[in-house]
């Protein structure tokens, strides 16, 4: 039986199987019912591994063992396998989330926090920086950085960036507002940003600017700035730089303050 490597690779990715497992499974699908020896020959898998692989597939719900001798195996219909894999993935994810939640109540997290705080004390200030690749990673780090704000958050972004930040960061910004953190956002305001601006009413002060830049400053100490134009780069290739540098961050915030004075409030621009 000849199965293209590209097809096998896709099966491995979607179903979480190793190479021998997808070879044996596809061989059994093609045969319907077969012995371990036959499947080993068809799939070009060592006979010494065939039974272990079939046992693994059986536990995962891909196949069943037929009653009688010689021992034979039957393939489960693919659509049923998909449903079983979905169910197992969901169950595993729920169990892992529950385990992580329970971790917060244990001494393990406190020990990890202690190790981290001790390590930070030994780190040179110039080492507290990093490159963030991909918009998903970028926004994860933005959320982490913003959540720690105590006094102020400054956001300079694009129209599409404003919409994304409302979708991704609104719950965090609401929490900061309740803690008394001052939040200011500058962006080019258009009809496309009207809903985002309304969603942030009472949470952040938003003003219009024609300046095109993408950065976030937290407490005048931490800075995350994006180096590419979000209208010209695919989200997977977006790049951000995070630095913990009070000197540079506060200097940039002072420049922002000067520009902020000349920016028009969102209500005046959008008439909302």
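The values are calculated or read from the model by the stated rules, or taken from the named source; none is laboratory data. Predicted model only: the values in this text are computed from it and were never measured. Glycine also receives a Cβ, built like all others from the backbone with ideal geometry; neighbour counts cover every protein chain displayed.
Could you say whether any residue in the stretch 23-38 is touching a helix residue (DSSP H, G or I) at 6+ places or on another chain (Cβ under 8 Å) and over 13 Å from residue 73 (Cα atoms)? Full working, then the answer.
Of the residues in the stretch 23-38, the ones touching a helix residue (DSSP H, G or I) at 6+ places or on another chain (Cβ under 8 Å) are 23-31, 34, 36-38.
Subset that is over 13 Å from residue 73 (Cα atoms): 23.
Yes, the stretch 23-38 contains a residue that is touching a helix residue (DSSP H, G or I) at 6+ places or on another chain (Cβ under 8 Å) and over 13 Å from residue 73 (Cα atoms).
Cβ contacts < 9 Å: first residue touching a residue at least 12 places away in the same chain (Cβ under 8 Å) and assigned by TED's automatic domain parsing to the domain that holds residue 162, restricted to the stretch 225-253; second residue in a helix (DSSP H, G or I) and exposed (fewer than 12 other Cβ atoms within 10 Å of the Cβ), any location; separation 6+ or different chain. Result?
The qualifying pairs are 244/125; 245/125; 245/126; 246/125.
Evaluate the stretch 224-239: report whether one residue or more is more than 25 Å from the chain's Cα centre (by Cα) and either on the phi < 0 side of the Ramachandran plot or part of a strand (DSSP E or B) (or both). Quick ask: steps written out before the conclusion?
Here is the first cut: in the stretch 224-239, the ones more than 25 Å from the chain's Cα centre (by Cα) are none.
Within the stretch 224-239, not a single residue is more than 25 Å from the chain's Cα centre (by Cα) and either on the phi < 0 side of the Ramachandran plot or part of a strand (DSSP E or B) (or both).
Name the residue, out of 68, 32, that is loosely packed, with under 12 Cβ neighbours inside 10 Å, in contact with a strand residue (DSSP E or B) (Cβ under 9 Å, 6 or more places away or on another chain) and on the phi > 0 side of the Ramachandran plot.
Working: 68 fails: in contact with a strand residue (DSSP E or B) (Cβ under 9 Å, 6 or more places away or on another chain).
Of 68, 32, the one residue that is loosely packed, with under 12 Cβ neighbours inside 10 Å, in contact with a strand residue (DSSP E or B) (Cβ under 9 Å, 6 or more places away or on another chain) and on the phi > 0 side of the Ramachandran plot is 32.
Go through (1) crowded, with 19+ Cβ neighbours inside 10 Å; (2) within 21 Å of residue 261 (Cβ to Cβ); (3) at pLDDT below 95 for residue 187 and report which single condition fails.
Single failed check for residue 187: (3).
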